[in-house]
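Just below is one structure, and these are the notes that go with it.
The values are calculated or read from the model by the stated rules, or taken from the named source; none is laboratory data. Keep in mind that what you see is a predicted model, and the values were worked out from it rather than measured. No Cβ is skipped: glycine too gets one built from the backbone with ideal geometry, and neighbour counts run over all protein chains shown.
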Amino acid sequence: MAAENFDTHLWRSTLRPEMVDEGYETPKRESKTLPAGWRLTDKHAPFLVDTLWERNVEVKMRDGCKIYVDIFRPRDAAAGSVPAIITWSPYGKSACHTGGFNPLDLIPGRVGVPQHRLSGFEKFEAPDPAEWTAKGYAIVNPDPRGTHFGDVEANDGYDTIEYIASLQWCNGNVGLAGNSWLGIAQWFIAATQPPHLKCIAPLEGAGDLYRDILCRGGIPQTAFWNFLSGLLRGRNQQEDVVGTLKKYPLMNKYWESKRANMSGIMVPAYVVASYSTFLHTFGSFRGFQEISHDKKWLRVHATQEWHDLYQESTNSELNKFFDFYLKGAKNGWHKTPKVRVSLLRYNKEPLVDQSYPDWPIPSTVAGTLYLQADNSLAKTPPPTPETLSYMSDVPFQQADDDSEELYFTYTFPSPCALVGTARAVLYMACEAADDMDVFVQIRKADVSGNILRHINIPAVNRKSCNMPEPVDLINPLVYLGPTGCLRASHRALDKKLSSQWWPEHNYSAKQPLRPGEVIKLDIGLWQTGIYFEPGEKLVLKVSGHNMTLAEFPDLRGAMPSFNKGKHSLHVGGSFQSRLVIPMIPNA
């Protein structure tokens, strides 16, 4: 079935903000000083320097639309001396304490970020103005006119950057910073090449709304985005991307407009990534790879995106990067290793800041492990054809205890690091339907075969924040392993976007299955970094349901099952089902 002709996307209602508790008060320009030592409550971090808080500063866009920003800047800094850091997202401009969106309290133990670490004036997923004004920066929090990325939002970012750079207090140098939505927006804005944008810091951010978030592998995964869209506030409608996906499930110009052109980014970039996010991992690594110049750095941490964002070490390093590019400091930032990777050991502390010259790591070799009928993985394919199966339509909760999952195990004879993207090439069939969703996951097991979990929050931070033990089995707190998925009717590859290490699909047409037909599925698994000692095991899981942990407890079981009946997995003979892994031997 060919892609539908695209006419327009859909809209949905947005919750209108209350006057007080949502922090979106009627725009009224005012300024006030928050003196050094001032704190919101005795549980919050203080401001360290006298800070001028300018509220509801009007910024006019090129088409006449007006948006408003809040600016926090050092009060006594000389005119023309202060660089600006802009944080672009729909999460409000008036900081968390006045009702801006902030879900840290929704996670047990606040993902290991104590309340006293932050001032309460930080925009969600953004640098804290109490900390950054003391470093000599202005923090600019816009309230954009729209959501869900694209050309208009990118141009609005351009116009805001140029306006802020023109203000008397600014030194003309502007950077972008932030995590998640704030990271995604940076890819789009930076690609427009605003003259006064000097650097960016996407601290984890997806780069493709369709492929990374809403319809990974051609499978609609919208429960989280429905949850998020319901939290946004405004007096107008918002793009209904979930409804649009239902109406236009195939790739079209609308969805292509939601893919950032990262090769158009010409400014220096400090890119942060992790393995634990179910939204941003692929986009963060793609951003680093596709930026075409060499003034780019990648740091891959071993924790959770919000936890890492507010660590003192993270902000110290980010400060050094911004000082180099926004203040002209001669601090040696350019000598920082280009790529630093964390290797997870699961049952031991991770190996952090492993330095490499590039990503993908140049010394990576492809290791091929063939699926065997006895549920093992081996370096040679089985000579005779065999079939294994699972029921694809059983209920599932995404809590690491679901049934009907096939396991295949390989034991490492020597030390090895798995670093990068893997791909599962599977030969499969379904008798009961003309399509099927297939999910794969790599897990680590100890020498005794016990399957392990990586706790994203270090023990010292769990203890300091009174996080209940054992930790809740939700994705922000626990990482199981890299995953991949594919709807079989989308198995056609996009040759332009595919590479040795990644099979990308074009999603432009559906190829229905014939009952019992054995087809080849090439499924990419997102980036990971796992260290295996001799005797430890890699476990490949194959099933008909999502095996990533739910983001929040309320989202368990929220993903509907598309599958029907039994899925058959064929191994041996002409069906060489296999797992190709990125190996750094003897790491």
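Quick notes
- Inside the range 413-447, residues that are in contact with a Lys or Arg (Cβ under 7 Å, 6 or more places away or on another chain) and in a loop (DSSP other than H, G, I, E, B) make up a count of 4.
- Residue check for Asn347: at pLDDT below 95 and surrounded by fewer than 17 Cβ atoms within 10 Å (Cβ to Cβ): yes
- Residue match in the range 503-511 (condition: in a loop (DSSP other than H, G, I, E, B), of a type outside the set (D, E, K, R) and crowded, with 21+ Cβ neighbours inside 10 Å): yes
- Failed item in (1) in a loop (DSSP other than H, G, I, E, B); (2) under 30 Å from Phe562 (Cα atoms); (3) free of Cβ contacts under 8 Å to residues at least 40 places away in the same chain, with Trp225 passing the rest: (1)
- Residue check for Val365: modelled with pLDDT of 95 or more, under 25 Å from Tyr275 (Cα atoms), within 28 Å of the chain's Cα centre (by Cα) and loosely packed, with under 15 Cβ neighbours inside 10 Å: yes
- Within the range 314-337, being without any contact (Cβ under 8 Å) to a residue 60 or more places away in the chain and among the aromatic types (Phe, Trp, Tyr) holds for Phe324, Trp333.
- Taking strands (runs of 3 or more DSSP E) as the structural unit, no element lying wholly within the range 39-145 holds at least 2 residues that are over 21 Å from Ile184 (Cα atoms) and assigned by TED's automatic domain parsing to the domain that holds Ile457.
- Qualifying residue in the range 159-168 (condition: in contact (Cβ under 8 Å) with a residue 60 or more places away in the chain, surrounded by fewer than 23 Cβ atoms within 10 Å (Cβ to Cβ), in a helix (DSSP H, G or I) and hydrophobic (A, V, I, L, M, F, W, C)): yes
- Restricting the range 187-209 to residues that are under 13 Å from the mean Cα position of the chain (by Cα) and in a helix (DSSP H, G or I), the residue that is farthest from Thr548 (Cα to Cα): Trp187
- Residues being in a strand (DSSP E or B), over 17 Å from Arg423 (Cβ atoms) and not basic (Lys, Arg) - total across the range 544-583: 4
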